[in-house]
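*Asks:* If you scroll down you'll find the structure; I have some questions about it.
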Amino acid sequence: MVPADFDRLVAAAYARIPARFRRRLKNVALMVEPWPSPGQLARGGAPAGSTLLGLYEGRPLTTRSVFEPFAMPDRIIIFQGPHERLAQSPEHLAKLVQDTVWHEIAHYFGMDERQVRAAERKRRGGAPRP
């Protein structure tokens, strides 16, 4: 898939985030990169031999103060290559991208990986893990 088509998938996934959450996203850059770098894999906690679909780089909203000075934008990076490698169809690719955008935005709002995974299971109707 050409990068412009993948960018459109990411934009469509972002548009599906409820407006009440999109309105609260401040100073965040949503970016697309072909593949995660070794540094990004390390920061994302990816085990050896695995990859990342997305990465939130920044300070979660729950840890910020109104007294802090201006900061550089947080970044949500969606990686095209890993999505395409995992996708089984164009529809599956769109769903993977949508789930990844949702996942990374949840990190912006302060959810850690365990909380995001639990929310994803609930969103899909699955039973929570102990």
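What follows is calculated from the coordinates using simple rules that are stated; it is not laboratory data. Since this is a predicted model, take the numbers as computed values, not measurements. Cβ sites come from the backbone with ideal geometry, for glycine too, and all protein chains shown count toward neighbours.
*Asks:* Pop out the Kirkwood hydrodynamic radius of the chain from its pairwise C-alpha distances, inverse of mean 1/r, in Å to one decimal.
*Replies:* 15.6 Å
*Asks:* Additional query: Give me the distance in nm between label points sitting 7 Å out from Cα along the Cα-to-Cβ direction at D5 and M72, one decimal.
*Replies:* Result for the modelled spin labels: 3.3 nm.
*Asks:* If each residue of separation counts as 0.36 nm, what is the full-extension length gain between E33 and R114 once their alpha-carbon separation is subtracted?
*Replies:* 26.7 nm
*Asks:* For R121 paired with R20, estimate the spin-label separation in nm (one decimal), with each label point 7 Å from Cα along the Cα-to-Cβ line.
*Replies:* 2.5 nm
*Asks:* Using DSSP, restrict attention to beta bridges with both residues in the range 3-124 and report what percent are antiparallel, rounded to the nearest 5.
*Replies:* 40 percent
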